[in-house]
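See structure below.
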Amino acid sequence: MTINWKTDLKRVFAILLAAVLMSLSIKTFVRAGDLFPGGVTGLTVLTQRLCEKYLGFIPDYTPINLALNAFPVYVGFRYVGKKFTLLSLLMIVASSILTDMMPSYIITYDPLLIAVFGGILCGVAVSICLSVDATSGGTDFIAIYLSQKRGVETWNLVLGFNVIILAVAGWFFGWERALYSIIFQFVSTQTLHVLYRSYQKQTLFVVTDKADAVCAAIHDACNHGATVFDAEGSYSHRNLKMVYSIISGNDVKPTLTAIHDADPDAFVNSIRTSEIRGHFYMKPKD
């Protein structure tokens, strides 16, 4: 595990900012609207609410969240990446302590506004974490392990886990709050989709007469390979090449710049890719 002090300090600062935003989302919106977020955070909130309803007291957020994250953190440290897991653990601990320490402040009692703006704040916090190669914990560790190490599609697993949380919450606390929680989770996911693009895939079609230089530029920019096809211009009937490659969404801008530097006359078509099968290079977690 190598340490780059300047870069790692920036990552720590970003994670602490994300922890503050996550705590604000929980204290200002989640608790005010009696909502249930997804993942381990939602399970922690659900545990607190069940203790309050049936045992007459509200346990602290921190010990429950840390206990529920113990196994996912082990998976992350053992199989995903040590620095990645340590930074994620910082997010888990900081957000948990801040959630217990931060006073509640009610902005609005409108459940729809709470669900929408709470979801936005939660999505921003998670996006900041992911942008510095960390995570907010919980099911993210399991999802990364299964997708990168085992090649398992994790979307349905995470969705199923969240459905169980919402079903239990709806059964004990009313289906109206569970439905508003779905809005919260949807808004949070859409915010993440807009702000964080690493998990998205983009297909590049490059028509060029400098295929070798373009392929080298793609590999240097994002470490992805390419496939080269013979092509012919319909107007000029020139013999050209078409370079085909799929890259991560956050690599699009530097890759397009590298292609332009390699061949300023290249014609590039970039298309959003919804699904791929087979080997796809993903940068390992540190």
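Derivation of every value follows stated rules applied to the coordinates shown; laboratory data play no part. Owing to the predicted nature of the structure, the values given are computational and were not obtained by experimental measurement. Here the Cβ is made from the backbone with ideal geometry for all residues, glycine too, and neighbour counts use every protein chain on show.
Each of 132, 163 was scored by other Cβ atoms within 10 Å of its Cβ. Listed from fewest to most, they are 163, 132. The count of lysine pairs in the chain that are at least 8 places apart or cross chains, and whose C-alpha atoms lie under 19 Å apart, stands at 21.
Modelled this way, with points 7 Å down the Cα-to-C-beta line, the labels at residue 157 and residue 253 are 3.2 nm from one another. Note on residue 265 and residue 186: the model spin-label points, each 7 Å out from Cα along the C-beta direction, lie 5.1 nm apart. Starting from the Kirkwood Rh over alpha-carbon pairs, what translational D in µm² s⁻¹ does region 91-143 have by Stokes-Einstein at 25 °C and 0.890 mPa s? Translational diffusion coefficient: 192 µm²/s. Working note: 222 nm ellipticity from helices only, DSSP H runs with n ≥ 4, each -39,500 (n - 2.57), summed and divided by the residues of the chain, gives -18500 deg cm²/dmol to the nearest 500. Length gained on full extension, residue 234 to residue 52, computed as 0.36 nm times the residue gap minus the Cα-Cα distance: 58.3 nm.
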